[in-house]
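Notes follow once the structure below has been shown.
The values are calculated or read from the model by the stated rules, or taken from the named source; none is laboratory data. Please read these numbers as outputs of a predicted model, since none were measured by experiment. So basically every Cβ, Gly included, is an ideal-geometry build from the backbone, and we count neighbours across all protein chains shown. Accessible surface areas use protein heavy atoms only, side chains included; no ligands, DNA or RNA. Shrake-Rupley method; radii C 1.70, N 1.55, O 1.52, S 1.80 Å.
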Amino acid sequence: ITVNQGCPNSVLEGRCPAEFSSSFMPSKSLISWFRCTRMAQQTLLSLPEFQNVSTGALVVKEPLNFWGGARVKPKDTKNSEPVYEPATGRVLCDMIPCGEEVDEAIKSAHSAYLKWSKLSGMERARIMLEAARIIRERRDEIARAEVANNGKSITEAQVDIDVAWQCIEYYAGIAPTLSGQHIQLPGGSFAYTRREPLGVCVGIGAWNYPFQIAAWKSAPAMACGNAMVFKPSPMTPVTAVMLAEIYKEAGVPDGLFNVVQGGAETGGLLCHHPMVAKVSFTGSVPTGKKVMEMAAKGVKQVTLELGGKSPLIIFKDCELENAIKGALMANFLTQGEVCCNGTRVFVQREIMPQFLEEVVKRTKAIPVGDPMCEETRMGALISKPHMEKVLGFIKQAKEQGAKVLCGGERFVPSDPKLKDGYFVSPCVLDNCRDDMTCVKEEIFGPVMSVLPFDTEDEVLQRANNTTFGLASGVFTRDIARAHRVAENLQAGTCYINNYNVGPVEVPFGGYKMSGFGRENGQVTTEYYSQLKTVVVEMGDVESLF
């Protein structure tokens, strides 16, 4: 066990030193104390197999459940499931789901919450800033592990890790500002409000942004004084554990951020647990409905970030070069596996020929291949069944009358080690109609459906004719039209003259069946805290009895 030689004996014996016994605990000493009282365990990022990860080389044998400040070996391994590396189709690791151990993880989180919630916002902020610093330092190693598990290009993965530390840094800045309100009442009496944490929150992540989503959910929760038990997607179990180890290293109390692996059964145990105060879920609409139903039985707060079939509207007066780049960004990031992608591209009829010509030319030029290579711009889809589902959508689109202008086929890179990877060439569909399946349903793959329109009123009606409402976009030089269209689009986000930019300062979430609640931005603290009103009488009680 490695210890800080400067720690007093009381720390080495596991006792809180006398200088920490007051209600104010100096932050540097607090961090040191938390670090010294935990048993050392070699982190994933320090293991040889995670050094300079390359495609086809990583095999993870370590346990991937984490609570109480350490990775935990599962009690039962009979239900293990293989996790595949998308770029090669080979087994990356085994995902062993949590059963009754979920209770241990939640109790560990509750214990940590009791300590963490008593710290000041400044004390919490210092620890969170340290976590952000560590992520910045290890950004490339985390990104390479993310690529091996998720299949996206290393260029995108590095951006995802940057967004993660920026999110933690942002909420570290907000933590000291959380406050209530003072209300003056008659006769010198007054009331005030307190913004208090909820307790143990559950985060359920998706496979398209494994590390980033774990940060998006944990950072505001922790800033508000909560603990979190996080369940990653069973297809991407690895990097959330790295985040847990980084939080531990930064100085959070053991149990504050725990990771439990599993699928639907594990998610159900989390949602039903009586000690859980809130569930934040990112994923599909059908699963989101189940999460909401389970949480309702315990009257738990819920945030749902669900699917989308977002419209991108391109008017003839746009800056065409920017609109083309925007359409590519709206459809082909992370192989099209992005919930807010603008996959219904409405182009004003007069500029449709120029738009299609250039979009097809650039789509054909997208480098698809080894996601670890810097020059690659599109990696592999998450799994073989998902790849087959995407190809099935394209086949159905052709049967319904759509015209494939490029791509839409399984792609086999020249590198032999990638021959079994889940690659699909990026696809542009023309001759699309609003009633086609490819236009109505979320494909979650590299497929752009292009539709012509004539007037603003017409395209707004068509754009809003969906059960989803996550995002939207408009390209135009007409500033009045831009804001008018943004007002009338029924979506949680509207991009004007850009698409798929997501600063952590800006709230993100949906309308309609795309969910409710928000992630990122200052408003998210309201979804991870509760308001208490305190009324203070300064005079005598006036009684009717």
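At a glance:
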item: Estimated 222 nm signal from helices in the chain, with DSSP H stretches of n ≥ 4 weighted -39500 (n - 2.57), rounded to 500; result: -11000 deg cm²/dmol
item: Percent carbon-and-sulfur accessible area, the chain, ignoring ligands, DNA and RNA, probe 1.4 Å; result: 53
item: C-alpha center-to-center spacing [the range 494-545, the range 229-277] in angstrom; result: 24
item: Folded to 0 to 90 degrees: helix 101-116 orientation relative to the chain principal axis, Cα; result: 60
item: Neighbour-limited loop hits for GluC sites (Glu not before Pro), the range 350-392 (at most 14 other Cβ within 10 Å; DSSP other than H, G, I, E, B); result: Glu374, Glu375
item: Nitroxide proxy distance, nm - points 7 Å out along Cα→Cβ at Glu137 and Glu293; result: 4.7
item: Segment Asp162-Arg90, length gained on full extension (0.36 nm per residue, minus Cα span); result: 23.1 nm
item: Folded to 0 to 90 degrees: helix 479-488 orientation relative to the chain principal axis, Cα; result: 70
item: Separation of the Ser414 and Val534 label points, Cα + 7 Å toward Cβ, nm; result: 7.0
item: Total formal charge among the other residues, if their Cβ is under 11 angstrom from that of Gly502, Lys/Arg +1 and Asp/Glu -1; result: -3
item: Contour minus Cα-Cα distance for Ser80 and Glu505 (0.36 nm per residue); result: 149.1 nm
item: Shape of the range 279-388, Cα gyration tensor, a/c cut at 1.5; result: oblate
item: Highest average packing first - 49-60, 107-118, 239-250, Cβ atoms within 10 Å; result: 239-250, 107-118, 49-60
item: Net +/- balance of residues flanking Phe444 in space, Cβ distance below 9 Å, scoring K and R +1, D and E -1; result: -1
item: Check: the range 311-509 dipole with +1 on Lys, Arg Cβ and -1 on Asp, Glu Cβ, in debye; result: 420
item: The chain, dipole about Cα centre (Lys/Arg Cβ +1, Asp/Glu Cβ -1), debye to the nearest 20; result: 560
item: Loop sites in the range 510-545: GluC sites (Glu not before Pro), DSSP, at most 15 other Cβ within 10 Å; result: Glu537, Glu542
item: Antiparallel content of DSSP bridges confined to the range 311-509, in %, to 5; result: 15
item: Candidate residues Thr88, Thr177: accessible-area rank, largest first, probe 1.4 Å; result: Thr177, Thr88
item: Pairwise centroid distance, computed over Cα atoms, of the range 388-455 with the range 457-473, Å; result: 21
item: Thr287, Thr493, ranked by accessible area, largest first (probe 1.4 Å); result: Thr287, Thr493
item: Unsatisfied cross-links (Cα-Cα over 18 Å) in the set Lys289/Lys512; Lys231/Lys278; Lys316/Lys512; Lys364/Lys403; result: Lys316/Lys512
item: Fully extended contour minus Cα-Cα distance, from Ile366 to Met122, at 0.36 nm per residue; result: 83.2 nm
item: Beta bridges per DSSP with both ends in the chain, % antiparallel, nearest 5; result: 40
item: Relative contact order for the range 311-509, counting Cα pairs under 8 Å that sit 6 or more residues apart, in percent; result: 28
item: In degrees, nearest ten, helix 210-223 long axis to first principal axis of the chain (Cα); result: 40
